[in-house]
Amino acid sequence: MPDETATREYRPYPPARIPTGRVMIDDQEHILGPDGAKLPIGTVKPQNVMEDELVRSEMSHAVALSDQLSRFLAHFHDNLGAFEALVAERYGATVGGKKGNKTLMSYDGLFKVQVQVADNIVFGPELQVAKTLVDECLTDWTASAGDELKAVVTRAFNTDKEGQINRAALYSLLRLEISDERWKAAMQAIRDAMRVVGSKSYVRFYRRDAADAPWAAVTIDLAKA
């Protein structure tokens, strides 16, 4: 007899409706194959049918959870906007700091909500100018340029597998104090290449048991749940 504790029924809210993958033909149930073929369900391996049923069942919960999170995020931003408008109207003040970042806390100091706004930055053609100038510097500094600097430069201008520029490495170049005028021109070219094409808000929730206790994040992430 199977262990009844091995699986747990999970029904916090109605599952989403997803396609069943089944059709009835002449009163016989058929299952849809990857090529669109309609196969009598009795001709398909039982484990494949069970796998299909498991995936569809769990997917219905995952889609419902995703929809609920989207509704919650919209609800949060609506309420936050209403709160900020009320504060501005009553006190002529704004909530938050640079670029819209803000931290809200319960009066007892046990709950905290942080909103962080991150810019989406792309790089224009000036970046190629910067690379040319940096390459000139490294060529002339062959004797004095350390392997560490060369590695940072290589990482900065090489794209990753998704074709994305290594922003962290570029920012590390901007922090270097080098007096060569070509290097300074290259760093200015990097700054000029930066274009903010949008921003994204990240909302994080924290709680603690006492005012002097460390904060613990409220997990809303499947990878960390």
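Quick notes
- Between SER172 and ALA82, the FRET efficiency estimated from the beta carbon spacing at R0 = 41 angstrom works out to 0.50.
- Shape call, segment 80-124: gyration tensor on alpha carbons, a/c limit 1.5: oblate
- Carbon + sulfur, % of accessible area of the chain - ligands and nucleic acids excluded, 1.4 Å: 54 percent
- Gaussian network model of the chain, Cα within-10 Å springs - most flexible of VAL44, VAL203, VAL153: VAL44
- Each residue of segment 24-34 is assigned a 3J(HN,Hα), and the resulting list reads 9, 10, 6, 6, 10, 6, 10, 10, 7, x, x Hz, derived from the Karplus form 6.51 cos²θ - 1.76 cosθ + 1.60 (θ = phi - 60°), x at Gly and Pro.
- Per-q log10 I(q)/I(0), the chain, q = 0.10, 0.16 Å⁻¹ (Debye; single scatterer per alpha-carbon; no solvent): -0.86, -1.13
- Rolling a 1.4 Å probe across the protein heavy atoms gives segment 20-110 an accessible surface of 74 Å² per residue.
- The lysine pair count for the chain, using Cα distances under 15 Å and pairs eight or more places apart or on different chains, is 6.
The values are calculated or read from the model by the stated rules, or taken from the named source; none is laboratory data. Keep in mind that what you see is a predicted model, and the values were worked out from it rather than measured. So basically every Cβ, Gly included, is an ideal-geometry build from the backbone, and we count neighbours across all protein chains shown. Note: accessible area is taken over every heavy atom of the protein model, side chains too, but ligands, DNA and RNA are not part of it. Shrake-Rupley method; radii C 1.70, N 1.55, O 1.52, S 1.80 Å.
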